[in-house]
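What follows is a short report on a single structure.
Nothing in this text is a laboratory measurement; each read-out follows from the coordinates by a stated rule. On a predicted model such as this, the values are computed, not experimentally measured, just so you know. Glycine also receives a Cβ, built like all others from the backbone with ideal geometry; neighbour counts cover every protein chain displayed.
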Amino acid sequence: MAFREQNITTGKYLFRFLKFLARPGSIGNLKSLLNSRMEDEVSMVDFLERHAVERPNSLALKFEDQQISWSELNRKANQMAHYFRSRGVTFGDKIALNIENRPELLFATMGCLKIGAVAGMVNTGQTNEALAHSLRLIEPRLIIVGTECLANMETVADMIDEQYSDKLLYIADGDKATAPSHYRDLMAAMAGQAEDNILPEQALTLGTPIFYIFTSGTTGLPKASITTHMKVFRAGTQFGVNVMSLKPEDTYYCALPLYHSNALTVGFGSCLSSGATLALRRKFSASQFWQDCIKYEATAAIYIGELLRYLLAQPVRESDKAHNVTRVLGNGLRPDIWMEFKNRFGIGRVHEFYGASEGNTGFVNIFNFDKTVGWSPQYGKAWDVVQYDVDEDQPVRGDDAFMKRMGVGDTGLLIAQITEQNPFDGYTDAQASEKKILRDVFEKGDAWFNTGDLVVLQKHGHIQFGDRIGDTFRWQGENVATTEVESVIMKWPEIEDAVVYGVTVPGRDGRCGMLYLTQKEEGKLDLNGLAAHMRDKLPSYAVPRFIRIGQKVDVTGTFKFQKTKLKNAAYKIDEVDDPLYVLARDADGVEPINAEVQGKIDNDELRL
């Protein structure tokens, strides 16, 4: 497994655990996290309003040349909230937000929270059916669009005109200030609204939903996971305060999109919990990352693993160590570049974490061990690791019909118990939520969240990430649901069967998509036409980059595709007799894979 290099000895663990306990407030924070309940009348709005009173002139946000204080953020959120209420938005209603990273997005988001509305965080890269599907899931009372995203909205113009023509608002983006006549200027409309704190119609509790965070919709059919105040409170307090030791004088740099949990729940949530400043960039830039950190005087940063690989691929610069960033937090950092990243950029603390936007548990490398996902309390109660049959794609049950716990050093399926204190918020789709629940796991009537991940159980409540199971894999920091990709590919008329799976590529994070297909009529397959079809209907990260043309697809006795053999053979020409092709990201069409091409792939000379 990827993280087995790190040996967490009892002595090292106890030493670092005692150091953690010595941090001010750490014990109290842990008790608060473990004892918090969904009905507690606490919300992230309380944190914002407290900062606005206690440190009104301290900076909440840095963005480009703007500096926004906590008091200004609170005032803008209040104006948004008052305007939303004037438009008839009530507690529990939804507002769709389709805006790139900039302060106005957080004004609107916090405005939603103020009145108990749910902010539907639309992926700003979505168009066509993906965007239409997301809007249908949100069922918005209002739709707020940045002018930078108006072109995307035009791809669903018919739906917008029919269902939402009276609900459209825009926020100008610099010189991109024009909008269609049926959109109303939100910033102008809210300008005369009151700036005082607004009371919601019902009390805000930790269980109140606040965001819809969308899973990666590989066919334009994403699921909307529900985020509550509890999830943000726990992420902000645990990750931001306990782990990162953020304080009001810190600046936390974030170049990840706010429609992802890493940025919104963990990044901004940490700043709300700690009072630190969020330095926000519209879109990630490998060449400008450290320059931004210097400009904003950042002391911490949030990442995904692929981002750090891009940083290491940049030419060596003086700015590599000219910054003040001392610790970073994120997920997906490959162990083979872990130490190279720390040493080149002078980062003392790397806090890798594990979690999912829809999940009810999380792990974090709180003690700064190298090359490990980290620790979570209450092993055996809140979470456990059970035996899993990869070939059958299901947990193993014993003669008593219950699942089998794994021992230290063993690999198994990570599950998390669903209780009042650790609820599973799930998705807006009840059926999709039910599919993630395992029942009667260790005793009749219990319920556990299926993370869908294989992990190695370590000592002292630590785990090492192993791999995704089933039909989903991760590529470029996004989840790719292979069944959804297959459904798009099967619409190409020349294909008999299509199987999609993830394969490892040297030096790359996650797994790259590969397509195994059979033809209806031999010799009548337009591969470049198929490539264009996939590029048109799928997000870039979901487009299979490798294509294998076979004769038949092996299935199990229960008619499940046997993907294990396909994954192992991957695109290796010495293990595959079938024709193999690669669809590079920048290429016009597919290219046959021979020894020379495979060498380019393995040496990271082709952009996938």
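Values for this structure:
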{"quantity": "Cα centroid separation, the stretch 255-333 to the stretch 41-92 (Å)", "calculated": "23"}
{"quantity": "Kirkwood hydrodynamic radius of the stretch 192-275, from inverse mean 1/r over distinct Cα pairs, in Å", "calculated": "14.4"}
{"quantity": "Calculated over the stretch 267-353: convex hull of Cα atoms, volume per residue (Å³)", "calculated": "92"}
{"quantity": "Over the chain: helical MRE at 222 nm, DSSP H runs n ≥ 4 each giving -39500 (n - 2.57), nearest 500", "calculated": "-8000 deg cm²/dmol"}
{"quantity": "Fewest-first ranking of His533, His182, using other Cβ atoms within 10 Å as the exposure measure", "calculated": "His182, His533"}
{"quantity": "Residue-by-residue Karplus 3J(HN,Hα) for the stretch 87-96, coefficients 6.51, -1.76, 1.60, Hz, glycine and proline x", "calculated": "8, x, 6, 10, 3, x, 5, 10, 10, 7"}
{"quantity": "Filter on Lys167/Lys223; Lys114/Lys283; Lys565/Lys600; Lys491/Lys552; Lys283/Lys600 - keep pairs with C-alpha separation over 20 Å", "calculated": "Lys167/Lys223; Lys114/Lys283; Lys565/Lys600; Lys283/Lys600"}
{"quantity": "Quotient of C-alpha Rg and 2.2 N^0.38 Å, computed over the stretch 220-374", "calculated": "0.98"}
{"quantity": "Sorted peptide list for 520-530, 426-436, criterion being average Cβ within 10 angstrom, highest first", "calculated": "426-436, 520-530"}
{"quantity": "Environment charge at Gly207 (Cβ cut-off 15 Å; Lys +1, Arg +1, Asp -1, Glu -1)", "calculated": "-3"}
{"quantity": "Percentage of interatomic Cα-Cα distances in the stretch 472-602 larger than 24 Å", "calculated": "21"}
{"quantity": "Surface/4 of the Cα convex hull for the stretch 37-227, nm²", "calculated": "10.9"}
{"quantity": "Shape box of the stretch 378-468 [Cα atoms, principal axes, largest first, Å]", "calculated": "36, 28, 25"}
{"quantity": "Orientation-averaged projected area, Cα convex hull of the stretch 304-417 (nm²)", "calculated": "9.3"}
{"quantity": "For Ser71, Ser225, Ser165, order by how many other beta-carbon atoms lie within 10 Å, fewest first", "calculated": "Ser165, Ser71, Ser225"}
{"quantity": "Amide H partners (placed H, <5 Å) of Thr361, local residues excluded", "calculated": "Ala356"}
{"quantity": "Per-selection Rg to Rh, the chain - Cα, Kirkwood hydrodynamic radius", "calculated": "0.96"}
